[in-house]
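The values are calculated or read from the model by the stated rules, or taken from the named source; none is laboratory data. Fair warning: this is a prediction, and the values are worked out from it, not measured in the lab. Note that each Cβ is placed from the backbone with ideal geometry, even for glycine, and that neighbours are counted across all protein chains shown.
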Amino acid sequence: MYESFAQVYDLLMRDVPYGEWADRIDGWIREYGISRPSRDAAGKGRAKKAKALEDRLAEERDLVVDLGCGTGRLTAMLADRGYDVAGVDLSPEMLAAAQETNRARRKPIPYLCQDMRRLDLYCTAGTFVCVCDSINYLLTDRDLHGTFQRVRNFLFPGGVFIFDFNTVHKYRDVIGTRTITEDSEDVSFIWENTFRAARSRNEAAITFFAREADGRYRRFEETHVQRGFTMGEMRRLLNGAGLKVLAAFDERNGKDPNARSERIFVIAGDVRAF
């Protein structure tokens, strides 16, 4: 999964409102969290405190870790808003694309090739972020529990975990079992989608035709399996890992989620801190 997809991912995701999401996440961090930008809009760093220990604690408190960062577009946008960020992804190909995109940055973004179910960081972080369906790739309660527990283990006291997920309603009633096609100059695809209600699984078998540098098109295939969740299931899974829902919003209108919500953003924190 994602081995060849990394080459066309940004083209396919060009309509995703990453900038809007980055603004929302910035606002939620300021409202619910403890991380703060370490640089201003001009890239000038914040003055350091005198004590080295306080500096180190501030670095961890203000660190934002983007889980399932993919090609790093959101990671870079959070960095542009002044945050110290790090990206984590399971796919070396995705991380290679992210590194190439950010090669010219004055302050390079560190990337870790890890499975978020077995996340292992060198420090704590004040904020964890996980968006654009990454949570939906966790297919079992055990997968979710492992990821949520790892986040809680590495969450700086008072920090927050901000993530989104696609709902059962979106996979079952909006996408459903059907064939989706798209044709453009750089990439075309045929998407055979199947929703399996018994386990809330959405299976997407996608055939891509991607334009190469010499003008020829290369065909490759990917199969992506995701699980849909309800808000009630997500609360239960978070609570089971020692995390508490602080707020939840419908992605389309920013209001409370309901039965017709397709993507929901959640802000969660350690139950011991809230």
Of ASP250, ASP173, the only residue that is modelled with pLDDT of 95 or more, more than 21 Å from the chain's Cα centre (by Cα) and of a type outside the set (A, V, I, L, M, F, W, C) is ASP173
Within the bounds of region 121-130, is there any residue that is surrounded by fewer than 19 Cβ atoms within 10 Å (Cβ to Cβ), among the hydroxyl-bearing types (Ser, Thr, Tyr) and either touching a residue at least 24 places away in the same chain (Cβ under 8 Å) or closer than 16 Å to VAL85 by Cβ (or both)?
yes
Checked region 229-274 for anything out of contact with any Ser or Thr (no Cβ under 7 Å at 6 or more places or on another chain), polar (S, T, N, Q) and either under 20 Å from GLY33 (Cβ atoms) or touching a residue at least 12 places away in the same chain (Cβ under 8 Å) (or both); matches are ASN239
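Could you run through region 207-234 and say how many residues are outside any strand (DSSP E or B), under 30 Å from PHE249 (Cα atoms) and not β-branched (Val, Ile, Thr)? Outline the logic, then answer.
Here is the first cut: in region 207-234, the ones outside any strand (DSSP E or B) are 212-216, 228, 230-234.
Filter once more, keeping what is under 30 Å from PHE249 (Cα atoms): 228, 230-234.
Subsequent filtering for residues that are not β-branched (Val, Ile, Thr) retains 228, 231-234.
So the count comes out to 5.
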Scanning region 47-69 for residues that are touching a helix residue (DSSP H, G or I) at 6+ places or on another chain (Cβ under 9 Å) and at pLDDT 90 or above gives VAL64, VAL65, ASP66, LEU67, GLY68, CYS69
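Being modelled with pLDDT under 95 and over 19 Å from LEU67 (Cβ atoms) is the requirement here; does PHE195 meet it?
No.
Let's see how each residue does on (1) in contact (Cβ under 8 Å) with a residue 24 or more places away in the chain; (2) under 24 Å from LEU155 (Cβ atoms):
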position: ALA76; (1), (2): yes, yes
position: ARG81; (1), (2): yes, yes
position: ASP89; (1), (2): yes, yes
position: GLU93; (1), (2): yes, no
position: ALA97; (1), (2): yes, no
position: THR101; (1), (2): yes, no
position: PRO108; (1), (2): no, no
position: LEU112; (1), (2): yes, yes
position: MET116; (1), (2): yes, yes
Taking region 104-144 and keeping residues over 14 Å from the mean Cα position of the chain (by Cα), more than 20 Å from LEU63 (Cβ to Cβ) and not in a helix (DSSP H, G or I) leaves ALA104, LEU139, THR140
